[in-house]
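Have a look at the structure below before the remarks.
Throughout, read-outs are computed from the coordinates displayed, never taken from laboratory work. If you're wondering where the values come from, they're calculated on a predicted model, not measured in any experiment. Positions of Cβ are backbone-derived with ideal geometry, glycine not excepted, and every protein chain shown enters the neighbour counts.
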């Protein structure tokens, strides 16, 4: 899906003063990271590491995974499409509503795609497809399955390959990463993004992790030089300075609750529960598309029209928590919308 994602301020002539449409942490890129990337700008006159081998080794050391268990990718999306290509012609279940690229990638490579709704997901759910795609915490529903529950689910379906997207794992207290368990999970591939917590979505940087048998199958389809030299430099710096990129989860979730509660108090909106820093709400007056346009035109506020997620309705919107000033501006604007 090319059009229809969040962070689409480029579609509007008016300047955006508060972007709630993206789930990237609002804190912005670290100044020291900017300086590091800038100092390596002249490196673009050479080809980057064709397989991103140095960064792969750094990630494997940081995550305590053995050599060959990580593949660095051009954002998590490249990994999704590589997995779909490697398992071309398979059957896949996508747990929905969720990120559209799982199903889009599978369809592109001839998968038979079926859908299973998140609210029905349980540790003893039985799947019969070759692959199962799960985003945990899920986007856009902001729900998370516990680490224990997910481990049970994976072990209960040992014949399925689980592709677990942990893009938002650093933004929740309701679950934890399965990376430490990968040595005991031959049927799991984990997607990780460095763009969400490190605020570098424009650089496109992520990785795929799993046991060697699965990783070698996927790695056979990757092209050389898919990760550019500046993204690699960003990755080197992030791996060398992890403390600088720790998300202040507790304060962020506290602010999210205040924003969530502020929207919930307005009867014109139906607010969904959340386990992370973003959440869904449904406008009961008008459509999400109309509300999005009204907020842009009147306040320079951008939200995510979530109506194009499989299983959601025309009124569904998604917003991610920002600073208190921006959150207050959004709540003020939403109150005005209810009166318009």
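Of note:
- Alpha-carbon centroids, the stretch 199-246 and the stretch 95-134: separation in whole Å: 24
- Principal-axis tilt of helix 324-339 within the chain, Cα atoms, nearest 10 degrees: 50
- Axis of helix 147-156 versus longest Cα principal axis of the chain: the two differ by about 50°, to the nearest ten degrees.
- Label-point gap, in nm, between residue 287 and residue 310 - each point 7 angstrom along Cα→Cβ: 2.2
- For the chain, the normalised intensity computed at q = 0.07, 0.15 Å⁻¹ comes to -0.29, -1.33 (log10 of I(q)/I(0), Debye sum over alpha carbons, equal scatterers, no solvent).
- When each of 176, 305 is scored by the number of other beta-carbon atoms lying within 10 Å, the sequence from fewest to most is 176, 305.
- DSSP beta bridge pairing in the chain, given as percent antiparallel to the nearest 5: 50
- In degrees, nearest ten, helix 53-63 long axis to first principal axis of the chain (Cα): 70
- Only helices enter the 222 nm calculation for the chain: every DSSP H run of n ≥ 4 contributes -39,500 (n - 2.57), and dividing by all residues gives -10500 deg cm²/dmol, rounded to 500.
- Projecting label points 7 angstrom from Cα along Cα→Cβ for residue 173 and residue 62 puts them 2.5 nm apart.
- Where N is the number of residues in the stretch 194-340, Cα Rg divided by 2.2 N^0.38 Å: 1.32
- Alpha-carbon centroids, the stretch 144-185 and the stretch 266-340: separation in whole Å: 30
- If you plug the beta carbon distance of residue 112 and residue 220 into 1/(1 + (r/R0)^6) with R0 = 30 Å, you get a FRET efficiency near 0.85.
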